[in-house]
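To start, the structure under review is shown below, and the notes come after it.
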Amino acid sequence: MVRLLEQYRSEVVPALKEKLGRDNIHSLPRLQKIVVNMGVGQAVQDRKILEEVTQHLAVLTGQKPQITRARKSVAAFKLREGNEVGCRVTLRGHRMYEFLDRLITLVLPRVRDFRGLNPKAFDGRGNYSLGLSEQMVFPEVNPDSVKNTQGMNITIVSTAQTDDEGRVLLREFGMPLQPD
């Protein structure tokens, strides 16, 4: 059993029932998926950079990344429609909880000058997005194998209806959000 999933069932659900004032556990917010996205602008010039980033993302998430392609041509960026410009992974189930556990306990404390996450980075529907400036904050990535540092966007999608419900859910999981 995944540690964070067990924590959700034993600790988070009763706390959410109390804080949100609901008895039905199916009406409580829960995690749906986590999407990790790495946009690689330099991939247009050098394909090896995209391959390296894809390998790192596969190591971080335990799942093979999907290559994303440009939807439109942009002459200023020398970008044509259909060019490979990044990769992404959608995590669900046990892998999602394992990734979130590693993110909260290992990765975020390793970020330099970390004072907590912005509590206003919700989208209005209870989903939270955050960005990391480099992939080397993950302990799985060998710093010697990194030739190009690359940032990533992490989106945590929940069934919460409002930002307040999403904030309560993530705080119960132990997400280090700054005080409002």
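The values are calculated or read from the model by the stated rules, or taken from the named source; none is laboratory data. These numbers come from a predicted model, not from an experiment. Neighbour counts run over all protein chains shown; Cβ positions are idealised from the backbone, glycine included.
Of the residues making up segment 84-93, one or more are modelled with pLDDT under 90 and surrounded by fewer than 18 Cβ atoms within 10 Å (Cβ to Cβ).
Scanning segment 126-158 for residues that are hydroxyl-bearing (Ser, Thr, Tyr), over 19 Å from Val111 (Cβ atoms) and either touching a Ser or Thr at 6+ places or on another chain (Cβ under 9 Å) or modelled with pLDDT under 85 (or both) gives a single hit, Ser145.
Can you tell me how many residues in segment 1-41 are surrounded by 14 or more Cβ atoms within 10 Å (Cβ to Cβ), in a helix (DSSP H, G or I) and of a type in the set (S, T, N, Q)? Number of matching residues: 1. If the condition is being in contact (Cβ under 8 Å) with a residue 24 or more places away in the chain and among the acidic types (Asp, Glu), then segment 9-40 contributes only Glu11. The single condition among (1) in a helix (DSSP H, G or I); (2) modelled with pLDDT under 75 that His56 does not meet is (2).
Take segment 170-180 and flag every residue that is over 9 Å from Tyr128 (Cβ atoms), part of a helix (DSSP H, G or I) and in contact with a strand residue (DSSP E or B) (Cβ under 9 Å, 6 or more places away or on another chain). Across segment 170-180, the qualifying residues are Arg171, Phe173. The residues on offer are Arg112, Arg125, Arg69, and the sole one that is over 13 Å from the mean Cα position of the chain (by Cα) and more than 29 Å from Gly174 (Cβ to Cβ) is Arg69. Scanning segment 149-180 for residues that are loosely packed, with under 15 Cβ neighbours inside 10 Å and closer than 18 Å to Ala58 by Cα yields Thr149, Gly151.
Among the residues of segment 136-163, the one identified as of a type in the set (D, E, K, R) and without any contact (Cβ under 8 Å) to a residue 24 or more places away in the chain is Asp144. Here Met1 fits the description: at pLDDT below 90 and among the hydrophobic types (A, V, I, L, M, F, W, C).
Given the criteria out of contact with any Asp or Glu (no Cβ under 6 Å at 6 or more places or on another chain), small (Gly, Ala, Ser) and either in a loop (DSSP other than H, G, I, E, B) or on the phi > 0 side of the Ramachandran plot (or both), does Gly126 qualify? Criteria not met by Gly126.
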